[in-house]
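Taking it in order: structure first as structure tokens, then the write-up.
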Amino acid sequence: MRTPEVVVTGLGVVAPNGVGTEEFWAAALGGVSGIRRVTRFDPGGYPAVLAGEVRDEEFDPAGCLPGRLLPQTDRVTRMALVAADWALAEAGLVRADDGYDVGVVTSSAAGGYEFGQRELQNLWAKGPQHVSAYQSFAWFYAVNTGQISIRNGMRGPCGVLVSDGAGGLDALGQARRMIRNGTAAMVSGAVESTLCPWGWVAHLATGQVSTAADPGAGYLPFAAGARGHLPGEGGAIVVMEDADRAAARGVTGYGTVAGHAATFDPPPGSGRPPALRRAAELALDDAGITPGQVDAVFADAAGSPVADAQEAEVIRGLFGDGGVPVCAPKAMTGRLGAGSGPLDVVTALLAMRDGLLPPAGPVAAAAAGHRIDLVTGRARPHQVRTALVLARGQGGFNSAVVLRGAGAIQEGTTP
Amino acid sequence: MKQLTMEEFVEILRASAGEDEAVDLGGEIGDTPFADLGYDSLALLETAGRVQRTYGIDLGDETLAEADTPRRFLEAVNTSLAAGV
């Protein structure tokens, strides 16, 4: 039986440092950060005050979505719907079979928090009669998948994966699986939005959020001064297709999802190592390549000294000391929950297209002890044919995706 | 005695469930089925909830199920308001 290659043919990005694929990419290459003091609510009463916020002047859901959808959607679903629209427009997907040939699988670590907070406030302050009927689904992890499916008439395999920060890559892995099982195309990826007080206290409860007040010092993954991370909102939705079917209508796409694997860490105190390395190894095996063929790694970049050291050890173990360029563009967006993995995949595909690796925002240099070749300061010209994307989630989730570029690749120049 | 007007109802409908771009809620919509105006059952549940809270009435599920046009919905609300229930 034929095992189709799975190619990414459309990108949709909503990120704190750029709304729209090219806007985001220009910001990432230029080292432009979207980290700032939270404005969606007053963070003054909380220990942490910085986040990667998507700016209202850049993201206008009312200008992009039908009026009927606005009262029933959380901010996160509006972002997902708009990003899906953009990805589908770029892919130029032609549906057949009444939509049964296209499915949707997204990931979510949080669901619709802002909507949920408002309705919980209505419940406890005013009573059950005051809770919106739309709360029945607007808060739910699967709501982005459902609304994308309904809006675009997609009746193929649909689902949602919940594995915290690793989930976005897991969704892409599941979408690839569905295409290999015969579905023509999948809409996949993840976006998150939790910048409301209810979401904020959930982030703070992890104990991993930086309490810095200086936007240039809050989230410095792999730096000697790493002191935790900052949450952000946004992510990426992509269109993935059977490469042969895409080629039949003249579409090459950005690159293929060549490998994926997910692992789970052993319980604390077991004495066994975390399973991130195993995820990377399995994903490389799945792609049929060796570490020597990888041209760039997009790191999870947790931003805490212990987690950074663990990831650096994995990268050294696979590629040797400084053996491969390591990118951490999420230092410019904050950690987007499940959204970061797909956004890193988009970033890696654009790096392949343009032959440029984005810098790690405000990080001046990786701590010497990590012995990794972190891309810092400015974009680095580098030919990328194959990239490894890593992601971890709270509670022991690890996921890895291998991407392979499509078509001819030229080394670019720094803008 | 307070009655719900079509204008007030349309305002609540817009706020509760939004507005389909293909429909003019300012036009003659009294006898147009809600489905043709772009509203599904959940949209009507949301709208009815807000009307009942605002006017302090309880329409009951059967009444709501039969109110399939704006005019019928208004009649149900205003009958309830007149009866004071």
Members of region A:66-106 found to be within 14 Å of chain B (Cβ to nearest Cβ) and either without any contact (Cβ under 8 Å) to a residue 40 or more places away in the chain or more than 11 Å from A:Gln147 (Cβ to Cβ) (or both), listed by number: A:Pro66, A:Gly67, A:Arg68, A:Leu70, A:Pro71, A:Arg78
Options A:Val14, A:Val6; residue that is under 28 Å from A:Pro359 (Cβ atoms), away from chain B (no Cβ under 14 Å) and touching a residue at least 12 places away in the same chain (Cβ under 8 Å): A:Val14
Check on A:Pro157, in the same structural domain as A:Tyr100 (by TED's automatic domain parsing) and under 27 Å from A:Tyr46 (Cα atoms): no
Verdict on A:Arg155 being over 20 Å from A:Leu403 (Cβ atoms) and part of a helix (DSSP H, G or I): no
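Here's the yes/no breakdown for (1) free of Cβ contacts under 8 Å to residues at least 60 places away in the same chain; (2) under 11 Å from the mean Cα position of the chain (by Cα):
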| residue | (1), (2) |
| --- | --- |
| B:Glu19 | yes, no |
| B:Ala22 | yes, no |
| B:Ser41 | yes, no |
| B:Leu44 | yes, yes |
| B:Gly49 | yes, yes |
| B:Tyr55 | yes, no |
| B:Thr63 | yes, no |
| B:Phe73 | no, yes |
| B:Leu81 | no, no |
Neighbours by Cβ (under 6 Å, 6+ apart or cross-chain): first from region A:166-183, at pLDDT 95 or above; second outside any helix (DSSP H, G or I) and of a type in the set (Phe, Trp, Tyr): A:Ala166/A:Phe397
Helices (runs of 4 or more DSSP H) wholly inside chain B that include at least 2 residues being crowded, with 20+ Cβ neighbours inside 10 Å and within 11 Å of another protein chain (Cβ to nearest Cβ): B:6-17, B:41-55
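If you scan region A:47-79, which residues turn out to be charged (D, E, K, R) and in contact with an Asp or Glu (Cβ under 8 Å, 6 or more places away or on another chain)? Working first, answer last.
Our first condition is that a residue be charged (D, E, K, R); within region A:47-79, this holds for A:53, A:55-58, A:60, A:68, A:74-75, A:78.
Correct list: A:Glu53, A:Glu58, A:Arg68, A:Asp74, A:Arg75.
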Test: residue in region A:30-53 that is among the acidic types (Asp, Glu) and either under 18 Å from the mean Cα position of the chain (by Cα) or not assigned by TED's automatic domain parsing to the domain that holds A:Pro197 (or both): yes
Some residue of region A:342-352 being more than 17 Å from the chain's Cα centre (by Cα), in a loop (DSSP other than H, G, I, E, B) and not aromatic (Phe, Trp, Tyr): no
Any hit, region A:378-385, residues being at pLDDT below 95, out of contact with any helix residue (DSSP H, G or I) (no Cβ under 6 Å at 6 or more places or on another chain) and not in a strand (DSSP E or B): no
Positions within region A:1-60 being within 27 Å of A:Ala184 (Cα to Cα), out of contact with any strand residue (DSSP E or B) (no Cβ under 7 Å at 6 or more places or on another chain) and of a type outside the set (Ser, Thr, Tyr), in sequence order: A:Met1, A:Arg2, A:Glu22
Selection within region A:134-170 - among the aliphatic types (A, V, I, L, M) and crowded, with 22+ Cβ neighbours inside 10 Å: A:Ala138, A:Val143, A:Ile148, A:Met154, A:Val160, A:Leu161, A:Ala166, A:Leu169
Filter result for A:Ala138 (more than 23 Å from B:Ala43 (Cβ to Cβ) and not charged (D, E, K, R)): no
One residue from A:Ala360, A:Ala368, A:Ala364, A:Ala348 being more than 27 Å from A:Glu53 (Cβ to Cβ) and either out of contact with any Phe, Trp or Tyr (no Cβ under 9 Å at 6 or more places or on another chain) or not polar (S, T, N, Q) (or both): A:Ala368
Selected residue (only one of A:Ala248, A:Ala217, A:Ala309 is closer than 30 Å to A:Gly44 by Cβ and not basic (Lys, Arg)): A:Ala217
Residue list for region A:285-309, restricted to those being under 20 Å from A:Pro329 (Cβ atoms) and either modelled with pLDDT under 95 or not in a strand (DSSP E or B) (or both): A:Val294, A:Asp295, A:Ala299, A:Asp300, A:Ala301, A:Ala302, A:Gly303, A:Ser304, A:Ala307, A:Asp308
Qualifying residue in region A:357-376 (condition: touching a strand residue (DSSP E or B) at 6+ places or on another chain (Cβ under 6 Å), among the hydroxyl-bearing types (Ser, Thr, Tyr) and not assigned by TED's automatic domain parsing to the domain that holds A:Ala212): no
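The values are calculated or read from the model by the stated rules, or taken from the named source; none is laboratory data. The shown structure was predicted, so the numbers you read here are calculated from the model rather than taken from an experiment. Cβ coordinates were reconstructed from backbone atoms using ideal geometry, including for glycine residues, and neighbour counts include every protein chain displayed.
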